[in-house]
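Some notes on the structure that comes next.
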Amino acid sequence: MSTQSILVILIVGLIAGWLAGKIVRGTGYGLVADLCLGIIGALIGNWLFPQLGIHLGAGIIASIISATIGAILLLIVLRLIKGGGRW
């Protein structure tokens, strides 16, 4: 990965974390933690979808969608590990 692609993943992850926090309500992690989870979710989405053979296309919108789905998956897994949380 180049420096530019890592920067794009970070920016897209920030947007995706905010979106995932709005979609998965009641996470209780807060804005800053949701943004960090979005960055991790962007890395997950960037890795997971090509492994599954799923290609959402090219461009920033496809990256945001992929990162948001990765962040949602991460929030759901964290909620399951945490012990339910608030839905």
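The values are calculated or read from the model by the stated rules, or taken from the named source; none is laboratory data. This structure is a prediction, so every number in the text was calculated from the model and none was measured. Cβ placement follows ideal geometry from the backbone for every residue including glycine, while neighbour counts extend to all protein chains displayed. The area values use the complete protein model at the heavy-atom level, side chains included, leaving out ligands, DNA and RNA. Shrake-Rupley method; radii C 1.70, N 1.55, O 1.52, S 1.80 Å.
Using the Karplus relation 6.51 cos²θ - 1.76 cosθ + 1.60 with θ = phi - 60°, the per-residue 3J(HN,Hα) values for the stretch 71-80 come to 5, 5, 4, 5, 5, 5, 5, 5, 5, 5 Hz, with x marking Gly and Pro.
For the chain, the solvent-accessible area of protein heavy atoms averages 62 Å² per residue (probe radius 1.4 Å; ligands and nucleic acids excluded). Taking the inverse of the mean 1/r over every pair of distinct Cα atoms in the chain gives a Kirkwood hydrodynamic radius of 12.7 Å.
Residue separation of ILE60 and LYS22 scaled by 0.36 nm, minus their Cα-Cα distance, works out to 11.7 nm of gained length.
Modelled spin labels at ALA33 and LYS82, positioned 7 Å past Cα toward Cβ, are 0.5 nm from each other.
Shown for the chain: the carbon plus sulfur share of the solvent-accessible area, taken with all protein chains present and a 1.4 angstrom probe, equals 73%. So what J values fall out for the stretch 33-42 if you push phi through Karplus, 6.51 cos²θ - 1.76 cosθ + 1.60 with θ = phi - 60°, rounded to Hz, Gly and Pro as x? Listing the rounded values in order: 5, 5, 5, 5, 5, x, 5, 5, x, 5 Hz.
Converting phi to 3J(HN,Hα) with the Karplus coefficients 6.51, -1.76 and 1.60 and the offset θ = phi - 60°, the stretch 57-67 yields x, 10, x, 6, 5, 4, 5, 5, 5, 4, 5 Hz in sequence order, with x at every glycine or proline.
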